[in-house]
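**Student:** Please find one structure pasted underneath; my questions will follow.
Laboratory data are not the source of any read-out in this text; all were calculated from the coordinates shown. These figures come from a predicted structure and were not determined experimentally. Please note: Cβ atoms are built from the backbone with ideal geometry, for glycine as well, and neighbour counts cover all protein chains shown.
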Amino acid sequence: MSETRSAGAEPGPDTVLVAGGGIGGLAAALALTRRGLRVTVLEQAAEIGEIGAGIQLGPNAFAAFDALGVGPQARARAVYTDCMVMHDAVDETLVGRIPTDEAFRARFGNPYAVIHRADVHRSLLEGAQASGRVDVHTSARVERVEQDEAGVSVIAQDGRRWRGVALIGADGVKSVVRQQFVGDAARVTGHVVYRAVVDKADFPEELRWNAASIWVGPNCHLVHYPLRGGEQYNVVVTFHSRETEQWGVREGSKEEVQSYFHGISPKARQLIDLPKSWKRWATADREPIAQWSFGRVTLLGDAAHPTTQYLAQGACMAMEDAVTLGEALREGGDAQGVDWPRALDLYQRARVARTARIVLSSREMGRLYHAKGVERLVRNDLWRGRSPERFHDAMEWLYGWNVGNCLDAARR
């Protein structure tokens with residue numbers, strides 16, 4: 001993989017442009033190389049990398065890793081949890097517990113795990129490097145896109161220009177590609193997320209559970225789980241801001257986060273006192289759209305379907321997109337090569353309903369987490385006495401995805 005390939009040269013007939021070098025962009029690049037294509041990745045940052053902390057990986061994420069050829073790398077870096085567990089943050093009531101044991105793995109064919117976001121990115125990057133078919137250009141912020149019947153040209157802010165047979169817009173929640181082709185507005189939620197990583201030595205022994213753990217409270221929730229072999233812990237807290245928020249990321253203020261979470265039990269509240277520094281995300285999503293492919297241009301990941309974090313599926317959906325794109329290319333060609341508009345339309349039709357369900361379900365899950373008053377009591381009764389098998393049935397639509405069924409929606 002190179003970062004020095006000259007810009008502006010006419011590529012061969014098998015070069016695809018990918019805007020964005022994050023998880024979605026690298027996953028797309030891997031999927032494309034597995035179809036025999038070359039890829040030019042255009043990353044706006046000065047260096048290729050990932051910000052953030054921990055993320056959760058459902059069985060569908062591991063199905064995607066395997067289909068992209070990086071299953072062993074990702075599995076080696078993940079922490080495998082014993083369960084997912086929810087407590088009421090006010091009175092510490094156990095709301096629900098889902099074992100992620102052998103029965104869970106047998107049902108879905110893969111485990112549930114947690115991992116540092118950078119380790120997901122690293123696994124995909126290693127796969128891209130090993131392919132020998134991916135070139136990366138950094139400090140390449142896309143400004144506009146031009147396309148004709150033969151290909152697509154991308155022009156960066158600094159005037160550099162690249163051309164390929166197609167463009168995958170994986171340029172994140174504030175996608176320039178989406179802005180040009182769709183032009184819709186973001187839906188700012190008013191929910192603020194603080195994220196940090198805490199060393200094991202600084203993390204309370206009474207909370208060192210091998211679980212994806214959430215404490216749900218009025219207008220807020222707190223999450224924690226182990227990372228990197230249990231040597232670190234991910235801490236995430238979310239609250240409804242008093243301010244009018246603008247979508248974005250900045251350094252967090254310990255004083256601000258501590259000013260929320262009144263009425264939360266001391267056991268849960270101690271989480272917000274642990275980090276020495278925080279990153280602060282003011283969150284947003286967008287209304288689901290029915291079209292994100294336009295001729296030889298398509299969107300992928302957060303550029304296509306930005307969602308709130310309440311289902312822990314953002315990175316998983318981006319990798320699913322990439323795998324589905326690769327399978328659509330397999331079916332969307334003939335002896336003369338890929339029919340790009342046909343293949344990208346097939347990919348889109350396979351993904352629109354599923355990803356829209358994620359966006360809409362995530363909104364509802366956020367409401368459930370943050371319930372107060374009588375709604376809180378209803379929430380606490382929802383899963384009482386539910387067996388693991390009933391939880392599995394409820395999650396089948398989400399965790400049952402794999403490369404074998406990824407095009408089913410389009411085929412119907």
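**Student:** Two-decimal Rg/Rh of the stretch 90-195 from alpha-carbon positions, Kirkwood Rh?
**Tutor:** 1.11
**Student:** Same structure again: Order the peptides 14-24, 132-142 from the highest to the lowest mean number of other Cβ atoms within 10 Å of their residues.
**Tutor:** The peptides rank, most packed first, as 14-24, 132-142.
**Student:** Hey, what's the Cα Rg ratio for the stretch 193-319 versus the globular rule of thumb, 2.2 N^0.38 Å?
**Tutor:** 1.21
**Student:** OK, next. For the chain, what does the helix formula give at 222 nm: sum of -39500 (n - 2.57) over DSSP H segments with n ≥ 4, over the residue count, nearest 500 deg cm²/dmol?
**Tutor:** Counting only the DSSP helices, I get -10000 deg cm²/dmol.
**Student:** For a quick size check, give me the Cα extents of the stretch 10-75 along its three principal axes, largest first, whole Å.
**Tutor:** Projected onto the principal axes, the Cα atoms of the stretch 10-75 cover 40, 28, 15 Å.
**Student:** Based on the mean of other Cβ atoms within 10 Å per residue, sort peptides 74-87, 263-276 so the most packed one is first.
**Tutor:** Per-residue Cβ counts within 10 Å, averaged per peptide and sorted highest first, yield 74-87, 263-276.
**Student:** Could you tell me the largest-minus-smallest coordinate of the C-alpha atoms of the stretch 280-412 on each of the three principal axes, in descending order and whole angstroms?
**Tutor:** Extents along the principal axes: 62, 36, 24 Å.
**Student:** Based solely on C-alpha atoms, express the radius of gyration and the Dmax of the stretch 128-242 in angstrom.
**Tutor:** Cα-based Rg and Dmax for the stretch 128-242 come out at 21.3, 62 Å.
**Student:** For the stretch 291-412, what is the relative contact order in percent, using Cα pairs closer than 8 Å and at least 6 residues apart in sequence?
**Tutor:** That works out to 31 percent.
**Student:** Cα convex hull of the stretch 221-266: mean projected area in nm², to one decimal?
**Tutor:** With every direction weighted equally, the projected area is 4.6 nm².
**Student:** Roughly what % antiparallel, to the nearest 5, for the DSSP beta bridges in the stretch 165-297?
**Tutor:** The antiparallel fraction comes to roughly 95 percent.
**Student:** Given contacts defined as C-alpha pairs under 8 Å and at least six residues apart, what's the relative contact order of the chain, whole-number percent?
**Tutor:** After rounding, I find 21 percent.
**Student:** Only bridges with both residues in the chain count here: give the DSSP antiparallel percent, nearest 5.
**Tutor:** The antiparallel proportion sits near 70 percent.
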